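Worksheet: one structure, shown below.
The values are calculated or read from the model by the stated rules, or taken from the named source; none is laboratory data. Remember, predicted model here, so these are calculated numbers, not experimental data. FYI the Cβ positions are ideal-geometry reconstructions off the backbone, even for glycines, and counts take in every protein chain you see.
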Amino acid sequence: MKPLSETGRLVADSPTLAMGARLKKLKSEGKTVYDFTVGQPDFDTPEHIKQAAIEALKKGETGYTPAAGMPDLKKAIAAKFKKENGIDYSPDQIFVSNGAKHTLYHVFQMLAGPGDEVIIPAPYWVSYSEQVQMAGGTSVLVKAGSEQGFRVTAAQIEAAITNRTKALLVNSPSNPTGAVYTEQELRDICELAVSRGIYIVSDEIYEHFIYGGQKAVSPAAFGPAYKDAVITVNGVSKTYAMTGWRIGYAAGPVNVIRQAGFAQSNATGCPCSISQRAAQAAILGDQTCVANMVAEFDKRRIYMTERLNAMKVFSCDPPAGAFYCFPRCDALYGKRIGGVMVENSTALCEALLDKAGVGCVQGGPFGADECIRFSYATGMETIRKGMDAVEALVKGTA
């Protein structure tokens with residue numbers, strides 16, 4: 001047979017989902033495992049959201065919807081942006097897709113092609129670079145280490161801009177680091193992009209998961225010039241524990257949003273009708289469920305951070321947002337753990353899984369091989385037992 005396309009040859013599996021699948025296999029074999037791999041809240045979808053889906057089923061709302069999303073849902077999203085983010089969007093500036101990941105895929109397809117560069121601050125969510133590559137573009141990684149709070153500076157971004165730069169990706173709060181940019185930091189970075197005619201893709205999927213008094217900042221709210229340049233991406237998966245419902249959305253310049261909707265009409269037709277009704281109920285309904293989840297995650301992040309730092313071989317500042325700890329672990333490199341020589345983050349994660357039953361994700365694919373990622377979007381009992389297992393394995397290596 002003839003060879004696959006370049007995309008077919010180069011695209012890689014998601015490391016987070018791959019590790020999660022490996023963990024599930026071990027669990028199915030009856031082994032005790034502690035899963036800190038996947039960014040999925042352990043809370044159930046709130047009842048009023050599930051009831052909205054049931055009502056949609058009873059009404060027979062099971063057919064195709066407009067490709068870019070139901071008008072009622074787009075109105076709800078527009079109201080959300082105005083109330084929570086201070087941005088006025090009309091429904092024709094919004095498109096709904098099958099999860100924020102799918103939304104990002106369409107956005108990058110509209111923006112990046114052969115010869116185009118997309119600047120991505122690192123550490124970064126693993127799918128950004130894969131999606132840029134699938135669009136035919138090139139990712140330009142700009143790294144910020146733990147010494148600068150995993151936040152890149154405007155000077156770093158400026159040094160990375162070329163005449164081929166098409167877009168800048170910003171993600172605050174960040175996956176995998178939990179870093180949250182201040183308003184001034186984001187202004188300084190985004191001002192550079194706007195002044196050069198560069199699009200800004202702002203992934204705000206973790207906007208509600210912020211701790212310690214900081215606030216979410218949307219670059220599109222900085223002014224008209226920014227609104228014309230920013231594509232804001234969000235969704236209901238994390239905020240409302242709706243990961244399996246697969247509803248994400250984007251808002252931005254009409255030319256980008258319209259074309260993304262056209263692309264979706266040819267790719268998947270439309271998002272799930274039942275899930276759209278559930279998302280509408282989530283966005284317009286009582287937000288107490290969100291506050292309760294964030295309060296619980298806040299307790300977990302402090303506990304996990306303290307446990308990791310107490311082991312001495314990890315170094316981890318409390319994450320300001322999202323629901324991940326991203327500790328430095330390179331103090332363990334060159335040492336044997338459970339009889340296994342650890343040379344990098346992949347070897348460490350494999351040792352933790354094989355020898356302690358603890359699943360976490362290596363930092364290499366995120367652009368930071370000196371770190372590993374633990375999700376605390378799981379129950380406190382699992383966190384306690386999992387941290388006990390990690391501590392028992394690394395004891396004596398400090």
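If K82 passes every condition in (1) part of a helix (DSSP H, G or I); (2) buried (at least 16 other Cβ atoms within 10 Å of the Cβ) but one, which one does it miss?
All conditions pass for K82, except number (2).
Select from the stretch 112-138 the residues that are assigned to a helix (DSSP H, G or I) and of a type outside the set (G, A, S) and list them in ascending order.
Within the stretch 112-138, V126, Y128, E130, Q131, V132, Q133, M134 qualify.
What tally of residues in the stretch 333-364 results from selecting those that are within 18 Å of G145 (Cα to Cα) and not small (G, A, S)?
Of the residues in that region, 4 qualify.
Looking at P66, P15, P91, which one is more than 21 Å from D203 (Cα to Cα) and touching a helix residue (DSSP H, G or I) at 6+ places or on another chain (Cβ under 9 Å)?
Matching residue, one of P66, P15, P91: P66.
Can you find a residue that is over 21 Å from G178 (Cα atoms), touching a residue at least 12 places away in the same chain (Cβ under 8 Å) and not in a loop (DSSP other than H, G, I, E, B) anywhere in the stretch 367-379?
For the stretch 367-379, residues over 21 Å from G178 (Cα atoms), touching a residue at least 12 places away in the same chain (Cβ under 8 Å) and not in a loop (DSSP other than H, G, I, E, B): absent.
Can you tell me which residue within the stretch 1-27, out of those that are modelled with pLDDT of 80 or more and polar (S, T, N, Q), is surrounded by the most Cβ atoms within 10 Å (Cβ to Cβ)?
This residue is T7.
Have a look at P91, P71, P123 and point out the one that is surrounded by fewer than 16 Cβ atoms within 10 Å (Cβ to Cβ) and of a type outside the set (K, R).
P71
Go through D286, D228 for me and flag whichever is at pLDDT 95 or above, under 30 Å from R196 (Cα atoms), acidic (D, E) and surrounded by fewer than 16 Cβ atoms within 10 Å (Cβ to Cβ).
Among D286, D228, only D228 is at pLDDT 95 or above, under 30 Å from R196 (Cα atoms), acidic (D, E) and surrounded by fewer than 16 Cβ atoms within 10 Å (Cβ to Cβ).
Out of all the residues in the stretch 341-393, which are farther than 21 Å from R300 by Cβ and of a type in the set (K, R)?
Scanning the stretch 341-393 gives a single hit, K355.
If you check I161 against the conditions, is it without any contact (Cβ under 8 Å) to a residue 60 or more places away in the chain and either out of contact with any helix residue (DSSP H, G or I) (no Cβ under 9 Å at 6 or more places or on another chain) or buried (at least 23 other Cβ atoms within 10 Å of the Cβ) (or both)?
no
Being free of Cβ contacts under 8 Å to residues at least 60 places away in the same chain, in a helix (DSSP H, G or I) and outside the structural domain of S127 (by TED's automatic domain parsing) narrows it down to one residue among T382, T346; which is it?
T346
Within the stretch 14-34, is there a residue that is in a loop (DSSP other than H, G, I, E, B), in contact (Cβ under 8 Å) with a residue 40 or more places away in the chain, of a type in the set (K, R) and not assigned by TED's automatic domain parsing to the domain that holds F262?
The answer is yes; a qualifying residue exists.
State which residue is farthest from the chain's Cα centre (by Cα) when the search covers only the stretch 80-110 and only residues that are closer than 13 Å to N234 by Cβ and among the aliphatic types (A, V, I, L, M).
My answer is I87.
Only one of these is over 20 Å from the mean Cα position of the chain (by Cα) and not in a helix (DSSP H, G or I): K312, K299. Name it.
K312
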